[in-house]
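J.: Mind looking over this structure? Questions follow.
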Amino acid sequence: MGIVIMPSYKDYWSTSYRYAKIADIMSLKRFQQVRRFIHFIDNTQADLSDRYYKLRPLIDSIRNQCLSVEEENAFSIDEMVIPYKGKKAGSRRQYNPNKPNKWGFKNLVRAGVSGIIYDFMLYGGDDTFRGIHFTEEEESLGIGSKVVIALCKTVKKKASTIYFDNYFTSLELVYILRENYGLFSLGTVRQNRLKDAGNKLVSEKILKKKGRGSFSQVVCNENKISVVKWFDNKQVTLVSSYTDAYPLEKIKRFCKESKGQVDVTCPQIVKHYNRHMGGVDLADMLISLYRTGIKSHRWYMNIFSQLLDICINNAWLLRRRHNKMKHTVPLKDGLKKFRYEVYAGLLKRDRTAAVTQTESVSENKKIKKPVAERPPDEVRFDKFDHWPQLSGYQRCKYCKTGQASTLCTKCNVHLCYVKNRNCFLAYHVKQ
């Protein structure tokens, strides 16, 4: 349903728009029954103080799987909006006018440059940091800085680098990440969070007079923090604990006056930020390509569908990473094709193939009192790992007249497998 989207889920079963790849799996009433009764926790044993108790077991399970993935050494932290316009979620639903999906749940994510999501936490107001302990120094920080610290507690590789935008950044956060957690960091910062460093930087008016590419820098060697203000179309201020403006590089920008590309001086800190900050945005873009839409009055179903898409996208990105490490010849392995492979695999896994059973051996020709030892019925009819293998001719152990060269590797018996008689199939099917 994420690939082939229709206005209503009932259209997949309708006479005019019927889509066989969905309608042939189950009936409409069965699908509606599953939608109605799907549930993730026993309400009588739930912790009602948890704002997301309806999904907590599922959230913890998927989060633990994300944490088990082998990590990169550069991460970006940002918020991901789970679209939801209903009003039954109460204050869990947030409004952000600067996002494409303005209404929805706020999911705070730590992702790699590749787009793989390694950790996440749903925003729940005062209940956001459930089960997470902070020091007194960390408690004094704002909610944005506490989100970064909470997501960085699960980073396995020390000396990794964390990137975030101005919603999260503060000078205290950059210092604590390096001193207490051994993590480097880089982020854009708001002017009102620079403290004394803001007074030592050149004003935007002076930078604008100097032209595009001009910058101003302040470095604190004692706390190992650098602050750089750079002017392009407008000013941007960045703070880092591992790099500064040097070495300078040249980048191409379009100039209205000359109506062409011109070289603009770019500090090194800006290059690092632009190169590594887009991990969460990439993950969000991949989810939006083939979003699993579940329209329901229950607010938590939208979060459930988002978690499903996170799992699928992580799996696809991990397979691409694996193929790259093994130097496998790259195939046309798009996300759409991968989603279809998941569909096809789940459809056939642990299900019996549709085989038309034909009785080719009459009752009077079956071996009813076998002399040779037969495997127990629990093994014979378990439909697992009964592979045919060519062997020398022996009498068939199912019919009285056949000479068989096909051996069952699990039951270790010879069975006919010829054009007009399939004793191999009949032997393993319970009558």
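Every read-out reported here was derived from the displayed coordinates using simple, explicitly stated rules and does not represent laboratory data. Not measured: the values here are computed from a predicted model. Ideal geometry is used to build each Cβ from the backbone, glycine not excepted, and the neighbour counts take in all protein chains shown.
J.: When the scattering of the range 363-428 is computed by the Debye formula from its Cα atoms alone, each counted once and equally, what is log10 I(q)/I(0) at q = 0.12, 0.16, 0.27 Å⁻¹?
T.: -0.26, -0.47, -1.36
J.: Using 0.36 nm per residue, how much length does the chain from residue 4 to residue 262 gain when fully extended, once their Cα-Cα distance is taken away?
T.: Details: separation 258, 0.36 × 258 = 92.88 nm, distance 4.44 nm.
Result for the pair: 88.4 nm of gain on full extension.
J.: Which of the DSSP-defined H helices in the chain satisfy a minimum axial length of 18 Å, computed from C-alpha atoms, and a minimum mean Kyte-Doolittle hydropathy of -0.5?
T.: Going by DSSP H runs, the hits are 300-325, 335-348.
J.: What is the extension gain from residue 191 to residue 296, computed as 0.36 nm multiplied by their sequence separation minus the C-alpha to C-alpha distance, in nm to one decimal?
T.: Working it through step by step, the gained length comes to 33.5 nm.
J.: Sticking with this structure for a sec: Any idea how far apart residue 129 and residue 199 come out in nm if each label point goes 7 Å out from Cα toward Cβ?
T.: 3.0
J.: How high is the FRET efficiency from residue 377 to residue 64, r the C-beta distance, R0 30 Å, rounded to 0.05?
T.: Details: r = 39 Å, r/R0 = 1.31.
The computed FRET efficiency comes out at 0.15.
J.: Right, something else. May I ask which residue of 334, 9, 278 lies farthest towards the positive end of the charge dipole of the chain, with charges of +1 (Lys, Arg) and -1 (Asp, Glu) on Cβ and the Cα centre as origin?
T.: The listed residue farthest towards the positive side: 9.
J.: Taking Cα pairs under 8 Å and at least six residues apart, what relative contact order does the range 224-276 come out at, in percent?
T.: Computed value for the range 224-276: 30 percent relative contact order.
J.: Next question, about the same structure. Taking a temperature of 25 °C and a viscosity of 0.890 mPa s, what whole-number D in µm²/s does Stokes-Einstein yield for the range 45-283 with Rh from Kirkwood over alpha carbon pairs?
T.: The calculation lands on 126 µm²/s.
J.: So, counting K/R as plus one and D/E as minus one, what does the shell of residues with Cβ under 11 Å around residue 413 add up to? List each step's numbers first, then the result.
T.: Details: positive: 374, 380, 395, 397, 410; negative: 373.
Summing Lys and Arg as +1 and Asp and Glu as -1 gives +4.
J.: Among 296, 225, 322, pick out the residue whose Cα is farthest towards the positive end of the charge dipole of the range 186-335, where Lys and Arg carry +1 and Asp and Glu carry -1 on C-beta, about the Cα centre.
T.: 296
J.: Ratio of Rg to Rh for the chain, alpha carbon only, Kirkwood?
T.: Values: Rg = 30.6 Å, Rh = 26.9 Å.
Dividing the radius of gyration by the Kirkwood radius yields 1.14.
J.: How high is the relative contact order of the chain, in percent, with contacts defined as C-alpha pairs under 8 Å that are six or more residues apart?
T.: 11 percent.
J.: Here's another thing I want to ask about it. Assuming R0 = 35 Å, can you tell me the calculated FRET efficiency for the pair residue 362 and residue 341, based on Cβ-Cβ distance, to the nearest 0.05?
T.: Efficiency for this residue pair is about 0.20.
J.: Once you put a point 7 Å from the Cα of residue 23 and another 7 Å from the Cα of residue 252, both along the Cβ direction, what distance in nm separates them?
T.: Taking the two extended label points, one gets 5.1 nm.
J.: What percent does the relative contact order of the range 146-257 come to when contacts are Cα pairs within less than 8 Å and at least six residues apart?
T.: Rounded, it is 22 percent for the range 146-257.
J.: If you take every DSSP beta bridge whose two residues both sit in the chain, what share of them, in percent to the nearest 5, is antiparallel? All intermediate terms of the calculation are to be shown ahead of the outcome.
T.: Details: 48 of 56 bridges.
Once the DSSP bridges in the chain are tallied, antiparallel ones form about 85 percent.
J.: How large are Rg and Dmax for the range 1-159 when calculated on the C-alpha trace, in angstrom?
T.: Taking only Cα atoms of the range 1-159, I get Rg and Dmax of 19.4, 64 Å.
J.: Could you compute the longest span of the chain free of GluC sites (Glu not before Pro) located in DSSP loops and having at most 13 other Cβ atoms within 10 Å, not counting the site residues?
T.: 71-221
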